[in-house]
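Beneath this line is the structure, given in structure tokens, with notes to follow.
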Amino acid sequence: EMSDKPPSFNQLTFVDVINILMKWKKTILLNVFYISLLTVIISLILPKTYTGYAVLMPPSTKTDVSILDAFSESVLPFGGLIPGYEDKSMKLIAILKSRKVMEAIINQYDLIDYYHLENIEEALESLSNHVSLEIEEEGTLSIKAYISTGWFHYEEDEIKARELSSKIANEFVNQLDI
């Protein structure tokens, strides 16, 4: 005697699975289509953020060469405890975070208009929120400038944001040459 009870999960055969999929084929395909469409729409309207990146090696002078420098660059466990490049990197960060440098970059790239801000003070705050200045493990200074597009943006906005992030990161480097 055969019962009309559906087979349990452990008793399903390959043919049973195919039959179930065929029965629900329309629902499955519609769900895949709607989720794909929603994903495409969201990815097109979300703002995109581009990062301009520059890395600086702090300058070394002949007077800095000593036995301590050999240890500060080594892979020994106590190597990072001896100040060397970090002091120079900290000085570079202080220069790059200075009002003079930040205002020069804001004025050069007209960031008050770009960010739709009222004055230089708001632009200074916005630029400092969109720039990262960090000392990396190897003693280098990394400069990252983050520029975002708006919601519902055009391709030109993406190109402008990409170029602007790169220009701002490079301008921080150029400001050190002044």
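How much of Val15 can a 1.4 Å solvent probe reach, expressed as accessible area in Å² and rounded to 10?
Its heavy atoms expose roughly 90 Å² to the probe.
Can you give the accessible area of Glu158 in Å² (nearest 10), computed on protein heavy atoms with a 1.4 Å probe?
40
Determine the share of segment 83-178's accessible area contributed by carbon and sulfur atoms, expressed in whole percent, with a 1.4 angstrom probe.
Result for segment 83-178: 48 percent of the exposed heavy-atom area is carbon or sulfur.
Residues with beta-carbon under 10 Å from that of Gly52, excluding Gly52: net charge, scoring Lys, Arg +1 and Asp, Glu -1?
+1
To the nearest 10 Å², what's Ile112's accessible area with a 1.4 Å probe?
Rounded to the nearest 10, that gives 40 Å².
Based on C-alpha coordinates, I'd like the Rg and Dmax of segment 12-64, in Å.
Just the Cα atoms of segment 12-64 yield Rg and Dmax of 27.1, 81 Å.
Please list, short to long, the whole-number percent of alpha-carbon pairs of segment 94-178 in consecutive 5 angstrom bins beginning at zero.
3, 13, 25, 25, 18, 9, 5, 2, 0
Filter Lys48/Lys88; Lys100/Lys167; Lys100/Lys144 down to the pairs with a C-alpha to C-alpha distance above 29 Å, please.
Exceeds cut-off: Lys48/Lys88.
Efficiency by 1/(1 + (r/R0)^6): what FRET value for Thr140 and Asp110, r their Cβ-Cβ distance, R0 = 22 Å, to the nearest 0.05?
Once rounded, the FRET efficiency stands at 0.15.
Return the distance in nm (one decimal) between the two label points of a simple spin-label model at Lys48 and Glu118, each offset 7 Å from Cα along Cα→Cβ.
So the label points at Lys48 and Glu118 sit 3.3 nm apart.
Could you give the nm distance between label points at Val55 and Asp177, where each point is 7 Å from its Cα heading toward the beta carbon?
2.0
The values are calculated or read from the model by the stated rules, or taken from the named source; none is laboratory data. None of these values were measured; they are calculated from a predicted model. Cβ coordinates were reconstructed from backbone atoms using ideal geometry, including for glycine residues, and neighbour counts include every protein chain displayed. Accessible surface is based on the protein model in full, side chains and every heavy atom, while ligands, DNA and RNA are left aside. Shrake-Rupley method; radii C 1.70, N 1.55, O 1.52, S 1.80 Å.
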